[in-house]
Every structure is written in C-alpha cells, then in structure tokens.
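To keep things clear, I will list the structure first and then write my remarks on it.
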Amino acid sequence: MATTFAKKKTGQPATAPAGPVPITQDAPRRRRRPVVVGAGLALAAVGALVAVWQVDEAGNRTSVIALAHDVKAGEIVKKSDLVVAQVAPDPALAPVPVSRSGDIVGKTAAADLPKGTLVTDSSVREGSPVGQGRDTVGILAKPGQLPSQQLRAGNTVALVHTPQDDAAAAKSSQKTADSIDAVVVGVSDPDANGAVVVDVAVAGTDSAPLATWTARGAVTIVLKAAG
C-alpha cells in the first residue's frame with residue numbers, strides 16, 4: 001500500500017487579513033501629571049484675579065487738588081495755581097478733594113510747594129503769621145538792592161536807608177534810624193528787568209518812613225544771618 005506524504009509549502013509569506021485593522025482600547029495614552037495641571041489652573045486663576053483688580057483700580061480713583069506750578073512759602077494760593085489730579089485712595093495720604101478747592105484758594109502756602117505736589121490741609125495756613133500785629137509794606141527792589149540769594153517768607157531782613165544825596169541823608173538821619181528790622185512776607189516773580197516786589201512786615205512806627213524810602217528807591221534789603 002502506497003503512502004502519500006503532503007509536501008509542506010515553505011517560503012511563502014503569511015496572508016494579511018483582509019480589511020482595516022481594528023483599533024483596540026488597549027492603545028497607550030499620554031498621562032497628564034496632576035501637579036502640572038494644578039499649576040496651570042492656579043496661574044489662570046491668578047491672572048484672572050489680577051485683571052479684575054486692575055480694572056477695579058482703574059475705575060476707583062478720586063479727584064484731588066495738586067499744584068499746577070511751583071508756589072513759594074508765604075505766597076497766596078490762587079485758583080490758577082491748582083490743577084485736578086486723579087489718584088487711587090490711600091490711607092497714608094490725605095489730599096484735599098476738588099470739592100474743597102474753595103478752602104485752599106486765598107490761603108498762604110505754609111512751605112515751598114513744588115509743581116505736582118498734592119495739596120493737603122497742612123499745605124496752607126490762614127493769613128501770614130509773620131505779619132500779625134505789623135504793617136506790611138511793599139518794596140520794589142532792583143538787582144543790587146537785595147541779595148542774590150532768593151528771599152523767602154519768614155526771612156529776617158534789615159532795610160537800610162540808602163539816600164541818593166547827602167542832603168537827603170542828613171535830613172533822614174535826624175528823624176529816623178538808618179535801618180529798620182523787618183520780616184519778609186512774600187516775594188513776587190521778577191519782571192523783565194529783574195526787579196521784584198518784596199512785601200515786608202514792620203512795626204507800625206516804621207511803616208511810614210519805610211514807605212518814603214521805598215518811593216524814592218532809597219532802600220536796600222539785607223538778609224540777616226539765621227539764628
């Protein structure tokens with residue numbers, strides 16, 4: 001009896017299955033780290049809060065008074081000296097609101113107030129204390145009749161009589177002293193020729209002769225040493 005052996009076929013590639021290969025649910029996925037996700041959410045929340053705060057602060061501002069230009073100590077504050085400024089509320093500051101500008105105009109600057117300074121109640125004062133109980137005389141002083149150092153309210157000065165001729169000097173010396181002690185109340189801006197008006201406070205008995213000296217241009221202002 002004959003035995004038949006089946007030949008094993010070799011060298012032929014395996015037949016690929018027909019149709020698309022199904023996607024299984026076992027495919028690997030990228031895992032997100034919880035720390036990174038949490039940090040991103042936190043940053044987003046902080047950014048949103050900052051944006052809300054900035055918008056809120058931009059609208060939460062108060063109209064207050066500031067200086068439009070420099071105002072010297074002893075000068076009367078005028079309406080033209082003031083300007084409106086917008087500031088955020090700050091418990092460390094006490095600027096005067098615009099609604100109270102009438103309380104500032106007409107008062108005297110208590111100190112030198114630079115341009116841009118926020119005005120407070122302590123920036124000004126009523127009247128001029130250096131002139132209380134004294135007469136105020138204005139002296140038109142040209143260069144050479146006053147020191148080059150800028151005079152300021154509160155300065156103590158000596159007003160020296162400097163007559164133009166000997167006859168006037170002899171006549172004047174018979175009635176009054178050659179100099180008068182005074183306190184500076186205010187100083188104007190210089191004119192085109194460099195002359196300024198210096199308001200000084202003097203005793204009542206000295207105001208009349210000082211006015212006479214001033215009318216003749218025969219007075220020189222000497223700044224006394226401090227102390």
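The values are calculated or read from the model by the stated rules, or taken from the named source; none is laboratory data. Since we're looking at a predicted model, the values are computed, not measured. Reconstructed Cβ throughout: ideal geometry from the backbone, glycine too, with neighbour counts over all protein chains shown. These accessible areas exclude ligands, DNA and RNA; they are computed on the full protein's heavy atoms, side chains included. Shrake-Rupley method; radii C 1.70, N 1.55, O 1.52, S 1.80 Å.
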Counting only residues in the range 91-109 that are part of a loop (DSSP other than H, G, I, E, B) and open to solvent by 40 Å² or more (accessible area, probe 1.4 Å), the one nearest to L67 (Cα to Cα) is identified as V105
All conditions in (1) touching a residue at least 40 places away in the same chain (Cβ under 8 Å); (2) surrounded by 12 or more Cβ atoms within 10 Å (Cβ to Cβ) are true of P114 except (2)
Of the conditions (1) open to solvent by less than 60 Å² (accessible area, probe 1.4 Å); (2) at pLDDT 90 or above; (3) polar (S, T, N, Q); (4) more than 33 Å from the chain's Cα centre (by Cα), the single one that T205 does not satisfy is (1)
Considering residues that are aliphatic (A, V, I, L, M), out of contact with any Asp or Glu (no Cβ under 8 Å at 6 or more places or on another chain) and surrounded by 13 or more Cβ atoms within 10 Å (Cβ to Cβ), the number found within the range 183-202 is 5
Looking across the range 127-143 at residues that are part of a loop (DSSP other than H, G, I, E, B) and either modelled with pLDDT of 90 or more or in contact with a helix residue (DSSP H, G or I) (Cβ under 9 Å, 6 or more places away or on another chain) (or both), the single one that is most open to solvent (accessible area, probe 1.4 Å) is K142
In the range 208-227, anything in a loop (DSSP other than H, G, I, E, B) and surrounded by 18 or more Cβ atoms within 10 Å (Cβ to Cβ) is listed as A218
For the range 112-126, does any single residue satisfy the condition of being in a loop (DSSP other than H, G, I, E, B) and within 30 Å of D181 (Cβ to Cβ)? yes
In the range 185-197, residues that are farther than 21 Å from Q164 by Cα and part of a strand (DSSP E or B) total 3
Filter the range 47-90 for residues that are open to solvent by 80 Å² or more (accessible area, probe 1.4 Å) and among the aliphatic types (A, V, I, L, M); the one that is modelled with the lowest pLDDT is V55
For the range 200-212 the number of residues that are touching a helix residue (DSSP H, G or I) at 6+ places or on another chain (Cβ under 9 Å) and more than 11 Å from R134 (Cβ to Cβ) is 2
Of the residues in the range 154-184, those that are part of a helix (DSSP H, G or I) and modelled with pLDDT of 90 or more come to none
